[in-house]
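Trainee: Okay, here's the structure, questions in a sec.
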Amino acid sequence: MINENKSYVYLYRHENYDDIEIKSSLIDILSSTHVIEKIENSNTRLSIFIKLNLVGPFSPNQAITTNPHVLDLILEILKEKDINNILDITVGDNPAVREEIFTMKKTGIYDIVKKHNVNIMDASKISKITCPDYKLYRDFEVSTEMIDADIFINLPKVKTHTLAYITVAQKNLFGLIYGLDKSAWHAKASNPLDFAKAFNDLYLAFLNARKDKLTLHIADGIEGLEGDGPSTGGIKKEGKFIIASLDAISLDRVSIEILKLDYNKSILTLEAAKRNIGEANLKNIIINNDLNNFSDIKFKEPNNSMPNIGLRFLKIKFVKSMLFEHPKADSEKCIKCGECYKICPPKAITFEKGKVPKINRTKCIRCWCCSEVCPKNAMGKTKRPLVGRIFLR
Ligand code: SF4
Ligand code: SF4
């Protein structure tokens, strides 16, 4: 059935990646959202961009990056439907620190790319996009191929996130921005609520640039991360679902319900709702499944999460320092690679070759980029200060 409602959410239960029904769920999504119809009815070149989550060079078993099997099935379906041979498919992302091909090889994505003979994004091509109704930032430099594609398929993982609380469809679009430039955005908007504003400026700019084109989000929660995600600090957990929508906000809102997380802490979705971007009101979202079929699914939230209202106090820097933990490298686990030092937006980390990195707490903005890129989950946390222990727990 073709569905015209942008707030429609497609939700399927799959116990694990061996389930042969995953392909029929993906066909249902691609057909219901007009993707297959567009491919079959076109006789001129049609470009498709598949936006992965390649946050870092992690093994597919860690459930941090886009699962290669899910990408494999999507490419298989697209190729099967391309009877006129008109498709020009590109896949890619802007990894935080390491280059794209290296990251693709480590995540198992490169083998799938070669199997289906599709293009890899050229990260050097950059375009400027503009947010017409911005709160903090108007202009963004993003990867051209992501913006120009006739069809954009966003393919994130379902994960909790230390800074943003949850990362599913909307947050995965941070990868529109080139590698290390992403960390500069953390420095520009260092408070979580400012980050949510800036991020929604980016999201609106993206929607504006693609307003006449098809954009679809398909999130893989068959396995995801709970706790201190979105990288090695999180714990792998079976979510047992695939979820899709033409609206990233509707998709994220329903994911929060499935995972039994707290909507009042999901800073990106709350900011989107405040600005009437997408649909965050569950009553207005139509789901093709009963949420009771997912009653056994529950993800732990990040350790330092707090409601939106509490985050307002974090604009005052010393309050933040008194309440919360800071990152601290674990000398047992650290391999002294320096990745945390390279990504740190305010240059709060000092690193000497062969030594464990040190953190300047006064400069640290607690963006947790260091933890996100650490290959060994070595960037731990200090004990929460006494004041924070009293007021936040
Ligand atoms: S030390 Fe880590 S958490 Fe602190 S500012 Fe640098 S990257 Fe962000
Ligand atoms: S803390 Fe992690 S990222 Fe930083 S140097 Fe050690 S292993 Fe590398």
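Trainee: Just a yes or no: is a residue in the stretch 327-335 assigned to a loop (DSSP other than H, G, I, E, B), at negative phi and within 11 Å of ligand 1 (Cβ to nearest atom)?
Mentor: Within the stretch 327-335, not a single residue is assigned to a loop (DSSP other than H, G, I, E, B), at negative phi and within 11 Å of ligand 1 (Cβ to nearest atom).
Trainee: Here is a further query. Can you name every residue in the stretch 157-181 that is polar (S, T, N, Q) and in a strand (DSSP E or B)?
Mentor: 160, 167
Trainee: While we're here: Return yes when residue 362 is farther than 20 Å from residue 268 by Cα and either within 16 Å of ligand 2 (Cβ to nearest atom) or at pLDDT 90 or above (or both) and no when it is not.
Mentor: The answer is no for residue 362.
Trainee: Could you please find all residues in the stretch 321-359 being crowded, with 17+ Cβ neighbours inside 10 Å, more than 10 Å from ligand 2 (Cβ to nearest atom) and free of Cβ contacts under 8 Å to residues at least 24 places away in the same chain?
Mentor: 348
Trainee: Let me ask you something else. What number goes with the only condition from (1) part of a loop (DSSP other than H, G, I, E, B); (2) touching a residue at least 40 places away in the same chain (Cβ under 8 Å) that residue 223 does not pass?
Mentor: Of the numbered conditions (1) part of a loop (DSSP other than H, G, I, E, B); (2) touching a residue at least 40 places away in the same chain (Cβ under 8 Å), the odd one out for residue 223 is (1).
Trainee: Across the stretch 237-258, what is the total count of residues that are farther than 20 Å from residue 206 by Cα, aliphatic (A, V, I, L, M) and within 16 Å of the chain's Cα centre (by Cα)?
Mentor: 4
Trainee: Under 6 Å between Cβ atoms, at least 6 apart or on separate chains: pull out the pairs that start in the stretch 103-130 with a residue that is small (Gly, Ala, Ser) and end on any residue that is at pLDDT 95 or above.
Mentor: 108/60; 108/68; 127/144; 127/147
Trainee: In the stretch 347-389, which residues are within 11 Å of ligand 1 (Cβ to nearest atom) and of a type in the set (Asp, Glu)?
Mentor: Scanning the stretch 347-389 gives a single hit, 372.
Trainee: Please count how many residues of the stretch 369-385 are touching a Pro at 6+ places or on another chain (Cβ under 9 Å), more than 17 Å from residue 331 (Cα to Cα) and either away from ligand 2 (no atom under 12 Å from the Cβ) or not assigned by TED's automatic domain parsing to the domain that holds residue 343 (or both).
Mentor: Summing the residues that are touching a Pro at 6+ places or on another chain (Cβ under 9 Å), more than 17 Å from residue 331 (Cα to Cα) and either away from ligand 2 (no atom under 12 Å from the Cβ) or not assigned by TED's automatic domain parsing to the domain that holds residue 343 (or both) in the stretch 369-385 gives 0.
Trainee: Please return the ranges of helices (runs of 4 or more DSSP H) entirely within the stretch 86-156 where 1 or more residues are under 30 Å from residue 41 (Cβ atoms).
Mentor: 109-116, 144-148
Trainee: I've got another one for you. Among (1) surrounded by fewer than 20 Cβ atoms within 10 Å (Cβ to Cβ); (2) in contact with a helix residue (DSSP H, G or I) (Cβ under 8 Å, 6 or more places away or on another chain); (3) in contact (Cβ under 8 Å) with a residue 60 or more places away in the chain, there is one condition residue 62 misses while meeting the rest; what is its number?
Mentor: It fails just one condition, (2).
The values are calculated or read from the model by the stated rules, or taken from the named source; none is laboratory data. Everything numeric in this text was worked out from a predicted model, so none of it was measured. Glycine also receives a Cβ, built like all others from the backbone with ideal geometry; neighbour counts cover every protein chain displayed.
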